[in-house]
Amino acid sequence: MEMDLEVEVMGREVIKPATPSPHNHIQLSLLDISIPAMYFSTIFLYKSEGLVTASPEIISKKLKSSLSETLSRLHPLAGEIEGVSINCNDKGVVFTEARTNLLLPEFLKTLNVDSLAALGPKIEAGDDPSGWPLLSVGVTFFGSGSGVAVSVNVSHRICDAASFLILLTDWSETMCNKNSNVGTHQFAEATVYPPPPPHMAVQFPTTNSKKCAMNRFVFEPSKIAELKRKAASESVKVPTRVEAITSLIWKCARNASRSNLVAPRSTLLYVAVDLRLKVHSSVSSPDAIGNLHTAFFLKKDAESELEIHETVAAFRTAKEEVNKMLKDNVQSNTLGQGLSNMMGSQASEFKPDIDIYSMSSWCGKPFYGVDFGWGSPVWIGSATHTITDKMVYVLLVDSKDGVGVEAWINLPAEDMSVFVHDQELLAYAVLNPPITI
């Protein structure tokens, strides 16, 4: 039985950087402006003896002062987007504090993914990821000192997953007085992707007209090993866990969509690729903040069947082609043009009569290392679906053990009602299992 999560908001305030911004404006890139105007929302849950003995007031005060200090190294996050640039006006970020009588272990034992909205920062009318605030934080204290949730909403216009991790690492280390980085962080601006035309307002049409439903599926290490064996072929003898899981999810999502259509449709899988480790540091810092990724896509026509081992092979080939394109363009000093051309060819594939599945993987990124002084998070959850309910996407994240995978899957509601019963999927994944701490 799911527990009702009743949350009382204690306050909402604006936190400004500890020191004034050295910039007036920073330039957004063509990719930044093309990305859907949305917040992605992540929740970190902590349990610690220190939370039992410290008062919420003291904890909140430390979180706010350390956030203010962190923003002095990340000024644009406290600014606002104006057209194709960020005005670094130190307008600030939103900080919401809330409390609930519910105990953290009880909440996790009967987790309802839609209830995560209550733990997110309070979003007010007028809050705009393509304007202000670009960053919002919510802190919720569970009953009897049993735990705390730190939830963060950040505008995708200025941050990708790697940038998000840099922000969280800086903030948590500042909170613990561990931060040795005294310099400001570099923002990517238009160093990799070119700047957009001055009045550009184009973005990939990744929103869906139908209301979506989110579910969380957990792949245990032993089941991943089984799935990888099934996904292997002559061309890819040892698939990665991301290749194998993505291929299974695409197949099952496509089957669910087909069951609700009179006539089958073509399908496209759009996979994001982080550029940071693929581009030399002379082009862009591996720690640069911004949207530094490209993508590849796999496409199947309406009549074709999806076979997992074939998808894995196509996935590997497409990934290698992206790597070759990047290497060739870096050598010829045409990276920006090469990436822009790829964006253009991908945008032309986004058509209304195609089922599009957008996939991102955070696997291997050490989000479980974000420690505010209470140890590693007991669990990390995604709450983007509670803000953006018409976007079809798949997000893969590490389980706490670093080997298993949690898949957060947002599909049209009518497809999800079929998807959750797919026996091939359920042979490898468990639907929203309880979390014990």
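The values are calculated or read from the model by the stated rules, or taken from the named source; none is laboratory data. Given the structure is predicted, the values throughout are model-derived calculations rather than measurements. FYI the Cβ positions are ideal-geometry reconstructions off the backbone, even for glycines, and counts take in every protein chain you see. Quick note on the areas: whole protein, heavy atoms, side chains included, nothing else; ligands and nucleic acids left out. Shrake-Rupley method; radii C 1.70, N 1.55, O 1.52, S 1.80 Å.
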Problem set entry | Number of positions in the stretch 360-397 that are of a type in the set (Gly, Ala, Ser) and buried (at least 20 other Cβ atoms within 10 Å of the Cβ) | 5
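What is the residue count in the stretch 145-199 for residues that are in a helix (DSSP H, G or I), of a type in the set (Asp, Glu) and open to solvent by 20 Å² or more (accessible area, probe 1.4 Å)? If you could, list the steps in order and put the result at the bottom.
At the first step, the residues of the stretch 145-199 found to be in a helix (DSSP H, G or I) are 145, 161-175.
When the remaining residues are screened for being of a type in the set (Asp, Glu), the result is 170, 173.
This time we only want the ones that are open to solvent by 20 Å² or more (accessible area, probe 1.4 Å), so: 173.
Matching residues across the stretch 145-199 total 1.
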For this session: Would you check if there is a residue in the stretch 1-24 being farther than 20 Å from Gly120 by Cβ, touching a helix residue (DSSP H, G or I) at 6+ places or on another chain (Cβ under 9 Å), open to solvent by less than 50 Å² (accessible area, probe 1.4 Å) and β-branched (Val, Ile, Thr)?
Result: no
Exercise. Among the residues of the stretch 53-81, how many are over 25 Å from the mean Cα position of the chain (by Cα), touching a residue at least 60 places away in the same chain (Cβ under 8 Å) and open to solvent by 40 Å² or more (accessible area, probe 1.4 Å)?
Worked result: 2
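For the stretch 298-318, enumerate the residues that are basic (Lys, Arg) and surrounded by 16 or more Cβ atoms within 10 Å (Cβ to Cβ).
Within the stretch 298-318, Lys300, Arg316 qualify.
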For this session: Return yes when Ala225 is small (Gly, Ala, Ser), crowded, with 22+ Cβ neighbours inside 10 Å, modelled with pLDDT of 95 or more and more than 30 Å from Pro76 (Cβ to Cβ) and no when it is not.
Result: no
Exercise. Within the stretch 25-57, which residues are over 30 Å from Gly338 (Cα atoms), in a strand (DSSP E or B) and touching a helix residue (DSSP H, G or I) at 6+ places or on another chain (Cβ under 7 Å)?
Worked result: Ser41, Ile43, Leu45
Exercise. Among the candidates Val84, Val93, which residue alone is over 19 Å from Thr169 (Cα atoms), aliphatic (A, V, I, L, M) and under 24 Å from the mean Cα position of the chain (by Cα)?
Worked result: Val84
For this session: Tell me, please, whether a residue that is in contact with a helix residue (DSSP H, G or I) (Cβ under 6 Å, 6 or more places away or on another chain) and over 30 Å from Leu63 (Cα atoms) can be found in the stretch 344-351.
Result: no
Problem set entry | Neighbours by Cβ (under 6 Å, 6+ apart or cross-chain): first from the stretch 410-427, of a type outside the set (A, V, I, L, M, F, W, C); second in a helix (DSSP H, G or I) and buried (at least 18 other Cβ atoms within 10 Å of the Cβ) | Asn410/His385; Asp415/Ala256; Asp415/Ser257; Asp422/Cys252
Seminar exercise, completed: Expected single match for modelled with pLDDT of 95 or more, under 28 Å from Gly381 (Cα atoms) and open to solvent by 70 Å² or more (accessible area, probe 1.4 Å) among Glu220, Glu243, Glu234 is Glu220
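If I filter the stretch 319-333 for residues that are in contact with a Pro (Cβ under 9 Å, 6 or more places away or on another chain) and either at pLDDT below 95 or open to solvent by 20 Å² or more (accessible area, probe 1.4 Å) (or both), do I get at least one hit?
no
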Exercise. For the stretch 87-140, what are the residues that are β-branched (Val, Ile, Thr) and either open to solvent by 30 Å² or more (accessible area, probe 1.4 Å) or part of a strand (DSSP E or B) (or both)?
Worked result: Val93, Val94, Thr96, Thr110, Ile123, Val137, Val139, Thr140
Exercise. Would the stretch 46-55 turn up any residue that is modelled with pLDDT of 95 or more and within 27 Å of Cys176 (Cα to Cα)?
Worked result: yes
